[in-house]
Amino acid sequence: MSKEKSQAGSSFSSIMRLAICFGVIGGLAEAAVRYTLPLTGWVSSPQKACVDEAGISWAAIIAQVAVLVGVGSLLWLLQRVRPHWVPRNVIRGVFAFVCFWSALTAVTLLEPRSILVLALGLGAAIYRLPSWRKPRNPAAVLTPKQSYCVGAMGIFLLTLIAPWAIERWGQHATGRAAPDSPNVLLIILDTLRADRLGAYGYARGTSPFLDDYAKHSVLYERAFSSSSWTLPAHISLFTGHRPLEHGAVLDTFDDRYETLAQTLAKHGYQTAGFAANTSYVLCRNGVAVGFDHFEGSYISLHEALLRTSLGQEAEKLLQWWTHRKLPYPSAQKVNQRFLKWLDGRPPQPFFAYLNFMDTHYPYRTSKDFLQRFPGAQQPPNLPEWGALVGSPQPPDAALNRRVQDTYDASVAYLDAQLKALFEQIHARGMDQNLLVIIASDHGDALGEHHLFDHRHSLYRELVQIPLIVHFPGRLPEGVRMPGTVSLRYIGGTILDFLGIPSADFPPGRLKFRPEDDPDGTSRAVLSHVAGGKFPGVYEHWPIYQGWVRSVVKGDLQFVLQENGKMELFNWKEDPQETHDLIEKADPQLIREFRAHLAGVSPTPAEPAHTSTSRR
Ligand SMILES: [Zn+2]
C-alpha cells in the first residue's frame, strides 16, 4: 500500500465501519480483562465466575462503539476542513488508543498515568503500521478485516447465549419441589432504619403501606443486624452465621457455608435475585451466589455501562459537572424486572430476593412527596455529603434538616413502590401461597454521634432494622414480637417454615407468637464490623481504630472497640445513645456482655459451628 493511499481521506461510512470494528474487538478485549482478572486473585481476593457478569461483553462493546462513533464523526468533520491532518492511519491510531486505554484501565493494579503512557504507545504503534489492508485472496469470501469483525461478533454472540444456556441447564439440573409448596419473597430494603417507619413509632407518615401491611403480619420490635454494612450483613442473612464465622467482613465470601439460595435450589426451588445494590450485592463477591437467575449490575443499560472503563469516566465527569451522585436502580426498575421474570418463569415454587436501594445515599425521592418533606427539594449534593461524612463537627442545622427530609422522602417513595409491587402480585393471584419477609440489612446514621452514612460504627441507628413476616392463613396477623432477634435468623426460619432440613443453619429462629418465645427479651444479639486505617475510613469513625462489636440485650446495648474502649447505652430510653452508662455500670453486667462477645472468636479459623463448614 502506497504512502499516498494510506494518507488519503476516508469516507464517513468507512470511518464508521472502522469505529464499529475497533469497538467490537476493543469491547471484547476489555470484557475479557474485566471478567477474568478478578478470578485470578491478583487484584483482590479471588472472585467468582458468574453467569450474569458475562453482560460486561455487550456493555463494553456498546460503550466503545458509541465513543468511537462519536470520535470518528469528529475526525471526519476535521478531515473535511483539514484533510491532511487526519489521514486514515491517524484515525486508526486514535481508535486503537481508546481501545487499549479501556482494556488497560480494567487492570486495577496499573496506575492511571502508566495506563495512559502504555495506551499512547500502543496507539502510536497501530498508527505507524503501514496498512492492515492485505491483498485480498480471490478465493476468500471475506476480507481479513471483515473476518476479524465476524470472529469478534461470534465471540460476542457466544457470551450472550452462554448465560441463557447455563441458566436453562441449571433449572433442569435441580430437583422439583411439590407444586403446592409456598413461594418465598424476601425483600431487603437496603439501609432502611426501623425508626423511620410508622410501624416502629415514627410520626411523619413516611410508610402508610408498610404500616398497614404490618397490621396483617408479624412484626419484630427488636430486630438487629449482624453488621452495619451490606456485605457481612447479607452473608449473615444468607448463611445464618455471624460475620466472624462466615469471614466476609471485608471483601469476598469464600463459600465456606451453603447459602439459603443454594439450599432452596437443591430442594427444587427456582431461585431468583434482583438487586439495586450494584456495589456489594454481586455474584462475584459471593453475596448473590446460588441464584439460578440474578439481575444486579446488569439490571439496566445504564448500570451495565457503568461497569465499563468509558462508562466510569463518563460517570466521574457527570458527577463533577452536576455535583450529584448517580442514583442506584430505582424500586420501580427492580419491580419491573421481578414482575417480568415472574410472568415468564416455569411453573415451579420460587424463592425471590429483592434488594431496594432507594433509602441509601443519594436517597431517591419523588416529586409526589416534596410538599410533605420540603427539605427534599434540595437533597444534599456530593460536596455537602462529603463534608457531612468526613467531618467530626456537628452538622449545619439547615443542611441536617435537608438530609432528614430527603431521607424521609426516600422512605415514602420506597413505601409507595412496595404498595405498587404488592398490588401487582395481588393482581396475578400470587399473594395467597406466599411467604413474605421484609427487612433491611442495616440502618443509616443521620447525624447521631455526628456521623452520617453507615459501616463506621455499630450504634443503634445502624443495627436496629425493621422486620415483618407475612403469610395469610398460616401466620398470625397483627402480632408484635417483643423478643430480641437477629437478621441472621431469617434463613433458617424460611427453611423450617418450608419443611426443608435446616441443620446447616446455626441456631436462631424467628417465632411467630410471643408465647412461643418466652425468653426473647433476655436474648443477646451480637453484631460485628471490621475496621482499620483503610482508604475512605475517616479518623473520627470508630472503625478507624479497628473492629467494633456490639451486644444488644433487653434495653441495653454494649459496644466494644478493638482498642478496648467500652460504651453502654439504654437504647430504648435514649435512642440517640447520647448518655454513655459505662462508668456507672455493674461490673458483673460488663463481664456478662464481654462473655457474650468472647463467644464470637476473633479468629475466623475458630467458628462456633464448624460442623457445617463445607471446607
Ligand atoms: Zn446495605
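The values are calculated or read from the model by the stated rules, or taken from the named source; none is laboratory data. Computed from a prediction, not measured in an experiment: that's the story for all the values here. Here the Cβ positions follow ideal geometry from the backbone for every residue, glycine too, while neighbour counts run over all protein chains shown. Heavy atoms of the whole protein, side chains included, go into the accessibility calculation; ligands, DNA and RNA do not. Shrake-Rupley method; radii C 1.70, N 1.55, O 1.52, S 1.80 Å.
Let me know the whole percent of all Cα-Cα pairs from the chain that are separated by more than 41 Å. Here the long-distance tail beyond 41 Å is 32 percent of all Cα pairs in the chain.
What's the extension gain from LEU116 to ASP496 if we count 0.36 nm per residue and subtract their Cα-Cα distance? Kindly include the intermediate steps, with their values, before the conclusion.
Working: separation 380, 0.36 × 380 = 136.80 nm, distance 5.57 nm.
Taking LEU116 through ASP496 to full extension adds about 131.2 nm, to one decimal.
When Rg is the radius of gyration of the Cα atoms in segment 211-252 and Rh is its Kirkwood radius, what does Rg/Rh come to? Present the calculation step by step, with values, prior to reporting the outcome.
Numbers: Rg = 13.4 Å, Rh = 11.7 Å.
Reported Rg/Rh, Kirkwood definition of Rh: 1.15.
Quick one, can you get me the convex hull of the C-alpha atoms of segment 182-263 expressed as volume per residue in Å³? Don't jump to the answer; show the numbers that get you there.
Numbers: hull volume 9.2 nm³, N = 82.
Dividing the Cα hull volume of segment 182-263 by its residue count gives 112 Å³.
Taking the Cα centre of the chain as origin, work out the dipole magnitude from +1 charges on Lys and Arg Cβ and -1 charges on Asp and Glu Cβ, in debye rounded to 20.
Working: 60 positive and 56 negative charges, 645 e Å.
Taking the Cα centre of the chain as origin, the dipole is about 3100 debye.
Three principal axis extents of segment 413-472 based on alpha-carbon atoms, in descending order, are 47, 21, 13 Å. Counting only DSSP H runs of at least 4 residues, each contributing -39500 (n - 2.57), and dividing by the residue count of the chain, the helix-based mean residue ellipticity at 222 nm comes to -13000 deg cm²/dmol.
For a protection proxy built on the mean count of beta-carbon atoms within 10 angstrom, sort 180-188, 582-590 highest first, please. Before the final figure, lay out the partial values.
Values: 180-188: 20.3, 582-590: 10.6.
Output ranking for 180-188, 582-590: 180-188, 582-590.
Counted over the chain, the DSSP beta bridges are approximately 50% antiparallel. Relative to its Kirkwood radius, the Cα radius of gyration of segment 462-522 gives an Rg/Rh of 0.94. Eigen-decomposition of the gyration tensor built on the alpha-carbon atoms of segment 243-307 gives equivalent ellipsoid semi-axes of 22, 17, 7 angstrom, largest listed first. Using DSSP H assignments, which helices in the chain have an axial alpha-carbon span of 15 Å or above and a mean Kyte-Doolittle hydropathy of -1.0 or higher? What comes out of the filter, once short or polar helices are dropped, is 12-40, 56-81, 88-105, 112-128, 144-173, 309-322, 331-344, 397-427, 587-598.
In this label model, MET153 and ASN433 are separated by 4.6 nm, measuring between points 7 Å along each Cα→Cβ vector. Computed about the Cα centre, the dipole magnitude for segment 459-515 is approximately 100 debye when only Lys and Arg (+1) and Asp and Glu (-1) carry charge, each at its Cβ. Calculated on the alpha-carbon coordinates, the convex hull of segment 189-235 measures out at 86 cubic angstrom per residue. When the pairs LYS367/LYS419; LYS340/LYS511; LYS333/LYS533; LYS48/LYS565; LYS48/LYS553; LYS511/LYS553 are compared against a 27 Å limit on Cα-Cα distance, LYS340/LYS511; LYS333/LYS533; LYS48/LYS565; LYS48/LYS553 fall above it.
Here the simple spin-label model places points 7 Å from the Cα toward Cβ, and for ARG82 and THR322 these points are separated by 3.4 nm. Taking amide H positions as modeled 1.01 Å from N, with prolines and chain starts lacking one, the residues under 5 Å from LEU467 and 5 or more places away or on another chain are TYR220.
Mind ranking 461-468, 413-420 by how tightly packed they are, going by the mean number of other C-beta atoms within 10 angstrom, highest first? Each step should come with its number before you reach the end.
Working: 461-468: 25.8, 413-420: 21.0.
Taking the mean over residues of other Cβ atoms within 10 Å, the ranking is 461-468, 413-420.
Report the rotationally averaged projected area of segment 323-364 based on its alpha-carbon convex hull, in square nanometres. Dividing the Cα hull surface by four gives the mean projection, 3.3 nm². Relative to its residue count, segment 490-581 spans a Cα convex hull of 152 Å³ per residue.
All distinct Cα pairs of segment 286-428 go into the 1/r average, and the inverse of that average, the Kirkwood radius, is 17.3 Å.
The Rg/Rh ratio of segment 372-434, with Rg taken over Cα atoms and Rh as the Kirkwood radius over Cα pairs, comes to 1.26. Computed with a 1.4 Å probe over protein heavy atoms only, the accessible surface of the chain comes to 43 Å² per residue.
How much net charge surrounds PHE497 when only other residues with a Cβ under 12 Å from its Cβ are counted (Lys, Arg +1; Asp, Glu -1)?
Working: positive: ARG474, ARG509, LYS511; negative: ASP496.
Overall, the nearby charge balance is +2.
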